[in-house]
C-alpha cells in the first residue's frame, strides 16, 4: 500500500489498490477516514487538507458525533442475532431480518447516527416506503422479479419497523415504543391496566 503524510503527520494518504486516494486522521482521539475521490496525489493532498481542517472545525464547534451509525449497529445485529436465537428462531426468520436490513433499512438509515433515528425519522421512512415506486429493484436486492407498482402492505412495513427496533438499542424515551409507555421491560401489559 502506498502511503504519504501531510500536515506534519496529522493526515495520512494511502491507496488501497483502487484508483482513488484515501485519507485518515485522528481528531479528539477518534479515527476518521474518507475517500478523496481523486486519482492524482496533488489533488488528493489538497482534498485531505481541506477535509482535515473541516473535521477540526466541526470538533471545536461540537458538531462531530461520537456514536455508532445505524449501519454499524445493523452489522452488529446481524452478527449476533442468529447466534443468540439459535434453536429458537428458524433460519427463514433470521434471513427475513437480514433481507429487510439489506434492502430497505440500510439504504435509508445506514449513515445516520443512532440518535438521529427518531420517531419523526421513522415516520419519514414509513411515508417513503408508501410513496416510492421504484423503476428497478433496490441495488442490494437479490431478487430479479419486477418491482411492484403498488405500495407495500402495512404488515410488510410493520415487519420492517420491528426489524428496525431490533437493530437500534432501546431508549428511555417513551416515544420510541409508544405501546409500552410507562411499562418496564419484564412487566406484562396486563399489569398496567390494574
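The values are calculated or read from the model by the stated rules, or taken from the named source; none is laboratory data. Keep in mind the model is a prediction, meaning the values are calculated, not measured. Cβ placement follows ideal geometry from the backbone for every residue including glycine, while neighbour counts extend to all protein chains displayed.
Having 1 or more residues that are in the same structural domain as residue 111 (by TED's automatic domain parsing), surrounded by 12 or more Cβ atoms within 10 Å (Cβ to Cβ) and in contact (Cβ under 8 Å) with a residue 40 or more places away in the chain is the bar; report the strands (runs of 3 or more DSSP E) wholly within the stretch 7-56 that clear it.
Details: elements: 11-15, 21-27, 30-35.
Of the strands (runs of 3 or more DSSP E) lying wholly inside the stretch 7-56, none has at least 1 residues that are in the same structural domain as residue 111 (by TED's automatic domain parsing), surrounded by 12 or more Cβ atoms within 10 Å (Cβ to Cβ) and in contact (Cβ under 8 Å) with a residue 40 or more places away in the chain.
Does the stretch 72-93 include one or more residues that are outside the structural domain of residue 56 (by TED's automatic domain parsing), touching a strand residue (DSSP E or B) at 6+ places or on another chain (Cβ under 9 Å) and either surrounded by 16 or more Cβ atoms within 10 Å (Cβ to Cβ) or modelled with pLDDT of 85 or more (or both)?
Yes: the stretch 72-93 contains one or more residues that are outside the structural domain of residue 56 (by TED's automatic domain parsing), touching a strand residue (DSSP E or B) at 6+ places or on another chain (Cβ under 9 Å) and either surrounded by 16 or more Cβ atoms within 10 Å (Cβ to Cβ) or modelled with pLDDT of 85 or more (or both).
Could you please give the count of residues in the stretch 57-74 that are without any contact (Cβ under 8 Å) to a residue 40 or more places away in the chain and in contact with a helix residue (DSSP H, G or I) (Cβ under 9 Å, 6 or more places away or on another chain)?
3
If I filter the stretch 98-110 for residues that are surrounded by 13 or more Cβ atoms within 10 Å (Cβ to Cβ) and either modelled with pLDDT under 85 or outside the structural domain of residue 165 (by TED's automatic domain parsing) (or both), do I get at least one hit? Quick ask: steps written out before the conclusion?
Filtering the stretch 98-110 for residues surrounded by 13 or more Cβ atoms within 10 Å (Cβ to Cβ) gives 98-110.
Then keep just the ones that are either modelled with pLDDT under 85 or outside the structural domain of residue 165 (by TED's automatic domain parsing) (or both); that gives none.
No, the conditions are met nowhere in the stretch 98-110.
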